[in-house]
Amino acid sequence: MKVHVLFFGLLKDVIGVSEQDLELAAGSRLSAVFAHYSVQFPRLAAMSASVVVAHNRQFASQETELSEGDEVALLPPVSGGSGRFTHEVSGPDGHFFALTHQPIDGPALEARLLEGHDGAVLTFAGVVRNNSRGRRTLYLDYECYEPMAIGVMAELGREIAGKYQVSRIGMIHRLGRMEIGEASVVIVVSSPHRKAAYDASLEAINRLKKIVPIWKKEHFEDGEIWVEGEWDETVKP
């Protein structure tokens, strides 16, 4: 039985490739994939407590049984097309979620979400700063498991919109190289009242950084490093 394995962020550096086909015995489980690479790469084995596994673009338990042609992704802790957006999700509810390699247009997202009955529109922008832990940052690189990330982002946004009873929520995350001062993520919340917008925006950025499979590499004058964060407890098997 053959499965296709993807590696992201720091794990791509550890394994030395971004993807690979793997032959396994019929009836193997996800745990067999991790075990296979842990034997070859002791550094991966040492990270076992922080690595999450996805099966066909969904978070999954190591006990999940595999089938021929399945896609498996090994995901380190998250830090995160030809048109403007490489992936986007929208619908009749008015919410909007997207990934892009181009600069994020915050005012355009505000205009897309704001309705006449709203009394507040709150925009949060996470921007690239010029330092990290005492070192001068030159620029950042973001990469992600795009087909899975857009789905997780949309699910998260709609959950938060329902929880706080806001009108609409939009999230756009940028990928690729970003210079100092550029926005890596923009979250816009429109609402009849300001408190709901503030609360929804804060939860959205806090949870996005822990459950959406996006990774950040910081480039310094004297080297580079993948930023290690942590998974939210809800996605751990």
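The values are calculated or read from the model by the stated rules, or taken from the named source; none is laboratory data. Values in this document were obtained by computation on a predicted structure and should not be read as measured data. Every residue, glycine as well, gets a Cβ built from its backbone with ideal geometry; the counts of neighbours run over all protein chains shown.
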Worksheet entry | Residues satisfying the stated conditions in region 51-109, i.e. in contact with a Cys (Cβ under 8 Å, 6 or more places away or on another chain) and in the same structural domain as Asn206 (by TED's automatic domain parsing) | Leu99
Fill in: Residue count, region 183-237 (criterion: closer than 19 Å to Glu146 by Cα, in contact with a Ser or Thr (Cβ under 6 Å, 6 or more places away or on another chain) and either not aromatic (Phe, Trp, Tyr) or not assigned by TED's automatic domain parsing to the domain that holds Gly94 (or both))
4
Discussion item. Of the residues Glu68, Glu63, only one is touching a strand residue (DSSP E or B) at 6+ places or on another chain (Cβ under 6 Å) and surrounded by fewer than 13 Cβ atoms within 10 Å (Cβ to Cβ); which?
Written reply: Glu63
Item to complete: Look at Pro103 and say whether it is within 26 Å of Val185 (Cβ to Cβ), surrounded by 20 or more Cβ atoms within 10 Å (Cβ to Cβ) and not hydrophobic (A, V, I, L, M, F, W, C).
Response: no
Worksheet entry | Selection status of Glu159, closer than 30 Å to Val72 by Cβ, surrounded by fewer than 16 Cβ atoms within 10 Å (Cβ to Cβ) and either modelled with pLDDT of 95 or more or not β-branched (Val, Ile, Thr) (or both) | yes
Worksheet item: Residues of region 126-136 being part of a strand (DSSP E or B) and more than 20 Å from Ile205 (Cβ to Cβ), which ones?
Response: Asn131, Arg135, Arg136
Worksheet item: For region 126-134, does any single residue satisfy the condition of being on the phi > 0 side of the Ramachandran plot and either of a type in the set (S, T, N, Q) or not assigned by TED's automatic domain parsing to the domain that holds Arg194 (or both)?
Response: no
Item to complete: Working only within region 87-100, note down all residues that are touching a helix residue (DSSP H, G or I) at 6+ places or on another chain (Cβ under 8 Å) and surrounded by 17 or more Cβ atoms within 10 Å (Cβ to Cβ).
Response: His87, Val89, His95, Phe96, Phe97, Ala98, Leu99
Worksheet item: If we keep just the residues of region 144-182 that are β-branched (Val, Ile, Thr) and either in a helix (DSSP H, G or I) or in contact with a helix residue (DSSP H, G or I) (Cβ under 8 Å, 6 or more places away or on another chain) (or both), which is farthest from Phe8 (Cα to Cα)?
Response: Val166
Worksheet, complete the sentence: Those residues of region 27-47 that are part of a loop (DSSP other than H, G, I, E, B) and over 16 Å from Lys2 (Cα atoms) come to a total of 2
